[in-house]
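Following: one structure in structure tokens, then a few remarks.
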Amino acid sequence: MSTTAREAAIAAKRTARVKSLFESVARRFYAGVYNYLCWMSRDASLAEDLTQETFMRMWEHPPELRGERALNAWVFRVARNEFLQHRRRAGLATVTLEDSAGVESASEPSSDPQIRLEREDLRRAVRGAVEKLPDHYREVVVLHNLEGLSLTQIAEVLEIPVGTVKSRRAKALSMLRHLLQEVGTDEV
């Protein structure tokens, strides 16, 4: 086998590994990125487009990552950058999230219609309260409480100190508590 043929075989194997790794990352993070972008954009259709743009950007510019934590932060940082770029291009316009079907619920289904109704009312109240938060607070709540990122990972995604993340989270939870008390719900 000639040197050129060996180099071509090595390049083909490397490409196959990169493609396999990318597919694995896409399967693992697609729903989380979509949910994050739904909450941030308040528009399910836009979130779908931005999610696809996020994964296209990741395919075009794969990182040199060290460890699981770095991958998690990098994926959401790319998604955040896509969202911010879109907002700059669109002049900060946002649309209310009417189709929240893509935003997954953590509660378990119940056979009792009253319980299901109460849970749906609570979900609606929490969703409405979260949507009322300013972006920089909503982003911390979504990344931490819905996507499960640690405060350190959120600091990496947002490129801010961990103390700022903690402060924003505390302020966001205080605001949510106040907003939910206004509608007669004490859950937070």
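The values are calculated or read from the model by the stated rules, or taken from the named source; none is laboratory data. In this text, all values refer to a predicted model and were calculated from it rather than measured experimentally. Positions of Cβ are generated from backbone atoms using ideal geometry, with glycine treated the same way; all protein chains shown enter the neighbour counts.
Looking across segment 34-58, the residues that are hydrophobic (A, V, I, L, M, F, W, C) and surrounded by 14 or more Cβ atoms within 10 Å (Cβ to Cβ) come down to LEU37, CYS38, TRP39, MET40, ALA44, LEU46, ALA47, LEU50, PHE55, MET58. Of the candidates ALA26, ALA11, ALA31, ALA5, the single residue that is surrounded by 16 or more Cβ atoms within 10 Å (Cβ to Cβ) and of a type in the set (A, V, I, L, M, F, W, C) is ALA26. Scanning segment 135-148 for residues that are closer than 16 Å to ALA31 by Cβ and either at pLDDT 90 or above or touching a Cys at 6+ places or on another chain (Cβ under 9 Å) (or both) turns up VAL142, LEU143. Could you tell me whether SER45 is over 14 Å from the mean Cα position of the chain (by Cα) and farther than 30 Å from PRO134 by Cβ? Spelling it out, it is not the case that SER45 is over 14 Å from the mean Cα position of the chain (by Cα) and farther than 30 Å from PRO134 by Cβ.
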